[in-house]
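What follows is one structure encoded as structure tokens, with my remarks underneath.
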Amino acid sequence: MMKKLVEETETEGLEKLIGERVTLFCCRYIYTGRLIGVDDKCALLTDAGIVYETGELDSTDWQDMQKLPNDWYVATQSIESFGLLK
């Protein structure tokens with residue numbers, strides 16, 4: 001069996017999503033907000049909140065999302081998955 005390189009990109013993962021409203025599924029909580037910074041230790045969200053109940057995932061609104069009062073740092077080691085959701 002041969003493996004071949006199909007595509008090579010310079011920016012991938014969280015870095016690719018800078019400027020977007022992201023959802024971070026972490027070991028204890030779900031965070032959402034606009035991703036404005038990322039490094040090897042943390043992701044920085046603005047207009048951030050903690051999602052306590054998602055509701056239908058194809059809906060445009062969270063069933064229960066509590067806004068955080070300031071920008072919020074999330075440890076990248078706690079992130080299990082992430083993406084653009086709502």
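No lab work stands behind these numbers, since they all come straight from the coordinates. If you're wondering where the values come from, they're calculated on a predicted model, not measured in any experiment.
Give me, ordered by chain and number, the residues 5 or more places off Gly37 or on other chains with an amide H under 5 Å from its own placed amide H.
When sequence neighbours closer than 5 places are left aside, the close amide H contacts are Leu44.
Output the relative contact order of the chain, whole-number percent, from Cα pairs under 8 angstrom with separation of 6+ residues.
Numbers: 165 pairs, mean separation 25.4, N = 86.
Worked out over the chain, it gives 30 percent.
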